[in-house]
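Reviewing the structure listed below.
Just so it is clear, none of the values below were taken in a lab; they were calculated from the coordinates. Being a predicted model, the structure only gives us computed values, none of them experimental. Heads up, the Cβs are rebuilt from the backbone with ideal geometry, glycines too, and the neighbour counts pull from every protein chain shown.
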Amino acid sequence: MEKKAELEKLINLMERLRAPNGCPWDKEQTLESLIPFIIEEAYEVISAIDSKDPSHIKEELGDLLFQVIFASQITKEKNEFDIADVIDTSFTKMVRRHPHVFGDVKAETPEEVLKHWAEIKKEEKKEAGKKEEGYLSGIPEVLPALLRAHKVSQKAAKVGFDWKDVSEVLAKMEEEMNEFRQAVLAKNTEEMEEELGDFLFTVVNIGRFLEVNPENALRKTIGKFINRFHYIEKRLDEKGMDLSTTPIEEMERLWQESKVNEKR
């Protein structure tokens with residue numbers, strides 16, 4: 001009951017912010033205007049998870065939940081649905097998609113669970129009268145390109161459209177790299193873009209074979225790059241040197257120094 005009351009408290013807060021005498025900014029928002037905030041909060045949750053700081057994760061999850069409540073309040077005002085409907089729909093869907101828990105279907109492995117999940121989703125679309133555009137339809141176009149590539153290749157692999165092992169994908173990567181190199185030598189901008197895309201897609205498939213999510217891998221590498229770059233800035237500042245006029249050799253030396261410090 002206490003947890004339910006806490007959720008109700010946040011819902012009431014949102015209603016107050018959207019009331020006639022509420023917050024001018026909150027009252028002007030629409031579902032469309034919330035899109036960048038929803039995306040931003042979702043990524044901040046991911047960043048918090050990477051930090052492994054429970055307090056930070058708790059805070060960012062709260063911010064994301066607030067966006068869900070915000071959007072639900074807007075639709076409630078339009079007499080479409082409210083947060084209770086959102087929760088009820090999610091509850092019903094999750095029970096339906098877990099027949100191995102709430103029904104008599106057998107699923108002993110995560111792979112079997114995912115297979116049943118896909119079959120249930122397909123049946124749901126059929127019952128809803130939604131047109132089946134193709135096996136790879138339904139993967140959101142708004143996903144980051146690396147994540148979408150991973151999901152597309154993963155889904156295609158489930159029906160056997162795949163390499164036999166990672167060595168074949170590595171060979172394909174070499175092939176795509178050579179084709180990209182030829183496009184660069186030819187200075188053909190259109191081909192360079194196409195071949196770079198092919199190369200990246202193949203790298204995504206290598207990650208899939210090795211069970212490494214490319215979106216997570218690249219995100220962590222970007223974070224590592226930023227930390228090392230900040231280290232260079234700090235060390236140069238301590239020496240009274242300017243980043244823009246420092247020779248690349250000195251920056252590379254500090255870069256390697258930062259890598260050594262990371263391992264200590």
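Over all projection directions, the Cα-based convex hull of segment 54-206 averages an area of 14.6 nm².
Computed as a quarter of the hull surface, the mean projected area of the alpha carbon convex hull for segment 216-262 stands at 3.4 nm². Here, segment 90-149 has an Rg and a Dmax of 13.5, 38 Å when only alpha carbons are counted.
How do 32-39, 57-64 rank on mean C-beta neighbours within 10 Å, highest first? Present the calculation step by step, with values, prior to reporting the outcome.
Details: 32-39: 12.5, 57-64: 15.0.
The most tightly packed comes first, giving 57-64, 32-39.
Report the gain in length on full extension from residue 154 to residue 217: 0.36 nm times residue separation, minus Cα-Cα distance, nm rounded to one decimal.
Working: separation 63, 0.36 × 63 = 22.68 nm, distance 1.66 nm.
So the chain would gain 21.0 nm between residue 154 and residue 217.
Descending by average beta-carbon neighbour count within 10 Å, the peptides 235-242, 11-18 line up as 11-18, 235-242, the highest first.
Set the Förster radius R0 to 35 Å, insert the Cβ-Cβ distance between residue 256 and residue 175 as r into 1/(1 + (r/R0)^6), and round the FRET efficiency to 0.05.
So the FRET efficiency works out to roughly 0.60.
Three principal axis extents of the chain based on alpha-carbon atoms, in descending order, are 62, 54, 40 Å.
Mind jotting down the distance between the C-alpha centroids of segment 195-234 and segment 28-96, whole Å? Cα centroid to Cα centroid, the span is 27 Å.
Are there any trypsin sites (Lys or Arg not before Pro) in segment 169-218 that are in a DSSP loop and have at most 13 other Cβ atoms within 10 Å? List them by number. Could the numbers behind the result be given before it?
Numbers: sites: 172, 181, 187, 208; in loops: 187.
Here the sparse-neighbourhood loop sites are 187.
The alpha carbons of segment 77-120 occupy a box of 44, 17, 13 Å along the principal axes, longest dimension given first. Based on alpha carbons, the Rg and Dmax found for segment 53-137 are 17.0, 44 Å.
Within straight-line reach of residue 155, meaning a Cα separation under 29 Å, sit the following lysines at least 8 residues removed in sequence or on another chain: 93, 106, 115, 121, 122, 125, 126, 130, 131, 164, 172, 220.
Less than 12 Å from a label point 7 Å out along the Cα-to-Cβ axis of residue 42: which backbone N atoms in segment 113-147 qualify, by residue? Under 12 Å, as judged by backbone N against the label point of residue 42, lie 140-145, 147 of segment 113-147.
Multiply the residue gap between residue 243 and residue 101 by 0.36 nm, knock off their C-alpha separation, and tell me the result in nm, one decimal place. Can you show the working numbers first?
Details: separation 142, 0.36 × 142 = 51.12 nm, distance 5.84 nm.
Going from the current span to full extension adds 45.3 nm.
Within 10 Å, count the other beta carbons around each residue, average over each peptide in 243-253, 88-98, and list them highest first. Don't skip to the end; give the middle numbers.
Details: 243-253: 10.8, 88-98: 12.5.
Ranked by mean Cβ neighbours within 10 Å, highest first: 88-98, 243-253.
Helix-only arithmetic for the chain: the sum of -39500 (n - 2.57) across DSSP H runs with n ≥ 4, divided by the residue total, places the mean residue ellipticity at 222 nm at -25000 deg cm²/dmol. Taking a ≥ b ≥ c as the square roots of the eigenvalues of the Cα gyration tensor, an a/c ratio of 1.5 or more together with a/b no larger than b/c marks segment 1-48 as oblate. Between residue 109 and residue 184, the distance separating the two model label sites (each 7 Å from Cα on the Cα→Cβ line) works out to 4.0 nm. Which residues in segment 23-49 have a backbone N closer than 15 Å to a point placed 7 Å from the Cα of residue 86 along the Cα-to-Cβ line? Only 29-42 pass the distance filter.
Using the alpha carbons of segment 2-96, what is the convex hull volume per residue in cubic angstrom, as a whole number?
Values: hull volume 12.3 nm³, N = 95.
Expressed per residue, the convex hull around the Cα atoms of segment 2-96 is 130 Å³.
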